[in-house]
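Take a look at the structure below.
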Amino acid sequence: MTEAELLLVHETKSAQLAALDEDGLVELHTRIRRARNKYMKSYRREASAKVAEYGGRGKARPKNTRNAQKAEVFEDALARVSRHLAVAARRTAAELKAQRLAAAKAQRNEAPPKAVRRPASAPVKPQRKQRPPASAPAMRKRHAGTKAVGARRQAKRDSK
């Protein structure tokens with residue numbers, strides 16, 4: 001591995017990750033993912049180029065170990081950063097939720113509700129459910145069904 005790649009992998013140690021905030025973790029995650037993708041792509045391309053010679057990518061792998069090993073190192077580093085990033089994201093989400101709830105609680109009206117008085121002259125009438133008009137399609141269908149049931153019943157009696 002090159003020196004720059006080694007430095008990038010060393011940035012994923014727990015002590016360095018603990019010092020980073022969420023934005024820093026996102027940036028590091030992006031850099032490591034790009035490095036991992038670079039070596040995975042390179043491994044696949046070389047292996048696919050050797051397929052004709054060796055008969056399969058699995059058989060060509062021993063000839064292409066360098067890229068595969070680098071991709072594996074960056075995959076492990078990416079997993080470490082992803083775990084720390086998830087923890088930081090959950091922490092930030094909890095903080096934002098607490099702030100939102102505190103703001104909502106501060107705006108909440110704590111006064112008891114005022115009683116609504118009705119005039120003594122107006123009696124309270126119970127609300128009736130409104131029926132759809134008789135011309136509505138659902139009502140016409142219901143009436144037709146009722147008539148049909150009655151007609152069938154009458155036809156059954158008449159046939160006896």
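The values are calculated or read from the model by the stated rules, or taken from the named source; none is laboratory data. All figures in this text were calculated on a predicted structure; none of them were measured in a lab. Positions of Cβ are backbone-derived with ideal geometry, glycine not excepted, and every protein chain shown enters the neighbour counts. What goes into the accessible areas is simple: the full protein's heavy atoms, side chains included, and nothing from ligands, DNA or RNA. Shrake-Rupley method; radii C 1.70, N 1.55, O 1.52, S 1.80 Å.
Can you name the helices of the chain, as whole DSSP H runs, whose Cα span along the helix axis is 27 Å or more and whose Kyte-Doolittle mean is not below 0.5?
Membrane-span-like by this criterion, though nothing is claimed about a membrane: none.
Compute the relative contact order of the stretch 1-130 as a whole-number percentage, counting only Cα pairs closer than 8 Å that sit 6 or more residues apart in sequence.
Rounded, it is 29 percent for the stretch 1-130.
What is the Rg over Rh value, at two decimals, for the stretch 3-160, using alpha-carbon atoms and the Kirkwood definition of Rh?
With Rg and the Kirkwood Rh in hand, the quotient comes to 1.51.
Taking springs between alpha-carbon atoms closer than 10 angstrom, which of H29, H143, H84 fluctuates most in the Gaussian network model of the chain?
Comparing H29, H143, H84 in a Gaussian network model of the chain, the most mobile one is H143.
Run the accessible area of the stretch 42-110 with a 1.4 Å probe and give the carbon-and-sulfur part as a rounded percent.
So the carbon and sulfur contribution to the accessible surface is 51 percent.
By a straight-distance test (C-alpha under 29 Å), which lysines pair with K41 as possible cross-link partners, with residues fewer than eight away in the same chain excluded?
Of all the lysines, those that pass the test against K41 - Cα under 29 Å, at least 8 places apart if same chain - are K13, K50, K59, K63, K70.
Relative to the Cα centre, what is the charge dipole magnitude of the stretch 67-106, using +1 at the beta carbon of each Lys and Arg, -1 at the beta carbon of each Asp and Glu, and rounding to the nearest 20 debye?
Charge dipole, the stretch 67-106, about its Cα centre: 360 debye, nearest 20.
Per residue, how much accessible area does the chain have with a 1.4 Å probe, in Å²?
83
Give the share of C-alpha pairs in each 10 angstrom bin for the stretch 70-160, from 0 to the last occupied bin, in whole percents, shortest bins first.
11, 12, 11, 11, 13, 14, 15, 11, 3, 0
Based on alpha-carbon atoms only, what is the radius of gyration of the stretch 30-108 relative to the globular estimate 2.2 N^0.38 Å?
Rounded to two decimals, the normalised Rg is 1.89.
Accessible area of T146, 1.4 Å probe, to the nearest 10 Å²?
Here the residue's solvent-accessible area equals roughly 90 Å².
Top to bottom by accessible area (1.4 Å), largest first, where do V116, V51, V9 land?
Ranking V116, V51, V9 by accessible area, largest first, yields V116, V51, V9.
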